[in-house]
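Colleague: Sending over a structure as C-alpha cells; questions will come in a sec.
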Amino acid sequence: MEKPKSASEPRREAGATPDFRDQIATADKEGRRKWLYPNKPKGRFYRGRTALTWILLVLMFGGPFVKLHGNPLLMINVVERKFSVLGVIFWPQDNLVFALGFLLFLMGIAVFTAAFGRLWCGWTCPQTVMMEMVFRKIEYLVEGSAAQQKALSRAPWTGSKLVKKLAKHGIFFALSFVIGNTLLAYIIGIDALNKIITDDPRMHLSGLTFMALFTLIFYANFARFREQACTFICPYGRFQSTLLDENTIVVAYDYKRGEQRGRVRRKETSEQRLNRGTGDCIDCFKCVTVCPTGIDIRNGTQMECVNCTACIDACDEVMTKIARPRGLIRFASLNGIETGEPIRVTPRIIGYCMILLALCAGLVTLLLTRSDVDVSLLRAPGALFQSTPEGKISNLYLLKLTNKTQREMPVELRLENVPGTLRVLGGELNLPAEKQSEASVLIEIAPQKLESGNTALSVGVYSASKKVETIKTIFIGPRR
Ligand code: SF4
Ligand code: SF4
C-alpha cells in the first residue's frame, strides 16, 4: 500500500478507485449530469444534525423579526448602504471596521478549516442545512426512499406520478418563496419587506422583482442544482486543499483498519475474517449510497466531501451488525490514522490563532473608540474667498454629518485654533438618529489672524458641551 503524502493526496490501497480524481461522481464520461438518490442517513450524527438544524432554522427565519435597540439583529442593506450587526448601525464611513471585520472573517475561516476541515459545510452552511435537512426530507416524505425515488423517475407518467411531482415541486416552490423573502428581509429589513407585501404593488416594482428573482433562484438551486452548488460554485471547497494538512480533522476512512476489503462470508466470525487477512471494510457501499455528493470516502479526502458525517453513521451501523468497533469512518486526521497519534495542535494553527486574536483586539478597540458622529467639512466647490464689509475674509464650506447613534443629537461647531466666527447657515444643527445631514457653514476670520494664503483650521464638533470629534480643513485668504 502506498503511503499518502498529504491530506489531499489519495491513498492507493487495493480497492481504491484508481481514476477517482479524473472524474466527478455527478457526471458521466460524456459530462451528462448523473442524478443522485442518496439513501436517508440514520444514526447519532444525523440525530445531532437534526437537532442543530432546528436551532439554525429558528435563528435563520426568526432573525429578521428580532430587533435590538430598535434596529435589526442583522441587516445588510447594500441599497441604502446601511448595515446593522447586533442592533448597532454601521455606515460606509466605518470602512476600517468593515475591513478588519472582513479580515477577521477570512482568518476565522482559515483557522477553522485548518483545524476542523469542512465542518461548517456539513453542519451549519445554509445550503447544506436547507438541502439535506429540509428539501431532501420533504423529498423522502413525498416520493419515498431513495430506491422509490429512482423508480418513480424511471416510471412512465401516470396520475400518481404527476400528483407526487406536483406536490413536491409545489412545496419546494413555496419554501423557496419563504427563503427568498427571508433573504430580502436581511437585506432591506423586515419593515421595508412588510411595506412591499402590504402596499400597492405598483409602488414596489423593484422590490417585487427581487422577491420573484430570489424565489426562482432558490427553487432552481434546491430542486435541480443541489450538490453542484458545493462542487462547482462555492469557492470554499476549492480553498480547502490549500488549508488542510495532515493534522486537520476530517471525515476519514481508517484504511489501516479497513483494508483489505472483503465481503462477509456466512457463519464466519470476526476472528476468522481477520485470520484470512481481511480488514473491517466489508465493501457494502453503504457509505457511498448515503453520500449527498456521491463520492466514496474510502478513496481519501476529496473536494466534494462536505463533512456531513452521513457515511460515518452508515458505516457505524454496519460495524455494529458485524460485531466490530464503530469508527471505521470517523472524524480523524490523516496523521492520526497513519501513526495512531492523538489529534495535535500544529504551529500553523497556533500562528493563525495569534493573528486572529490580534485582529479581534483591533476590532474591539475600533468599536470601542468609534465616534458617535462622522463629520466632513469641505470648502464649497467652486467658491472663492470673499471680503466682508467689516474687512474680514469669509470662506463657505459644505458640512456633512452622520449621526451613528439611536438618539437625536444637537451639534455645535467651534473654531479651535484661530479666532474668528463660524455660522451654520439655516440655524441650529439637530441631527436625527441614524441619519445623515448636510449644511452650509460660513467662517469669517480677520486677515491679520491668517498665517498665509492657506491657513489650517481645526474645528471642534460638540454635542451637549462634550467634544465628539475634531475636523481639519483649510481656510483660503489673500496671498502674503
Ligand atoms: S460502509 Fe463501512 S464497511 Fe461498508 S463499504 Fe463503507 S467503509 Fe466499508
Ligand atoms: S464522504 Fe461522507 S462526510 Fe463526505 S459528503 Fe459524503 S457522506 Fe458526507
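Colleague: Counting alpha carbon pairs within less than 8 Å and at least 6 residues apart, what relative contact order, in whole percent, applies to the chain?
Modeller: Computed over the chain, the figure is 16 percent.
Colleague: Just to compare against my own numbers: the Cα pair-distance distribution for the chain, 10 Å bins, whole % per bin, please.
Modeller: 3, 14, 20, 19, 15, 11, 8, 6, 3, 1, 0, 0
Colleague: Rounded, prolate or oblate for the range 38-78? Axes are the square roots of the Cα gyration tensor eigenvalues, ordered a ≥ b ≥ c, and the cut-off for rounded is a/c under 1.5.
Modeller: prolate
Colleague: Here's something else I'd like to know. When His204, His69 are ordered from fewest to most other Cβ atoms inside 10 Å of their Cβ, what list results?
Modeller: His69, His204
Colleague: Exactly which GluC sites (Glu not before Pro) in the range 408-454 are in a DSSP loop and have at most 10 other Cβ atoms within 10 Å?
Modeller: Numbers: sites: Glu408, Glu412, Glu416, Glu428, Glu434, Glu438, Glu444, Glu451; in loops: Glu408, Glu416, Glu428, Glu434, Glu451.
Listed in order of number, the matching sites are Glu428.
Colleague: Near Phe90, within a Cβ-to-Cβ distance under 14 Å, what is the net charge of the other residues, with Lys and Arg +1 and Asp and Glu -1?
Modeller: Once positives and negatives cancel, what remains is -1.
Colleague: Right, here's the next one. Once phi is turned into θ = phi - 60°, what whole-Hz ³J(HN,Hα) does the Karplus curve with 6.51, -1.76 and 1.60 give for every residue of the range 29-36, x standing for Gly and Pro?
Modeller: Couplings: 5, 8, x, 6, 5, 9, 6, 8 Hz.
Colleague: Before anything else, pin down the relative contact order of the range 338-451: Cα pairs under 8 Å, at least 6 apart, normalised by residue count, whole percent.
Modeller: So the answer I get is 24 percent.
Colleague: With just the Cα atoms defining each centre, how far is the range 257-332 from the range 122-200? Give it in Å.
Modeller: 32
Colleague: Let me ask something additional. How would the range 191-283 be classified by its alpha-carbon gyration tensor: rounded, prolate or oblate, with rounded meaning a/c under 1.5 and the a/b versus b/c comparison settling the rest?
Modeller: Prolate shape, in that a/c is at least 1.5 and a/b is the bigger ratio.
Colleague: Moving on to the next point. Tell me whether the range 86-203 comes out rounded, prolate or oblate; compute the Cα gyration tensor, take square roots of the eigenvalues as a ≥ b ≥ c, and use a/c under 1.5 as the rounded threshold.
Modeller: oblate
Colleague: Using a cut-off of 14 Å between beta-carbons, work out the net charge of the residues near Lys164 (Lys and Arg +1, Asp and Glu -1, Lys164 not included). Please report the intermediate quantities before stating the final value.
Modeller: Details: positive: Lys150, Arg154, Lys161, Lys165, Lys168; negative: Glu139, Glu143.
In short, +3.
We did not get these values from a lab; they are worked out from the coordinates using the rules stated. Note that the structure is predicted; figures quoted are calculated from it, not measured. Every residue, glycine among them, receives a Cβ derived from its backbone with ideal geometry; neighbour counts consider all protein chains shown.
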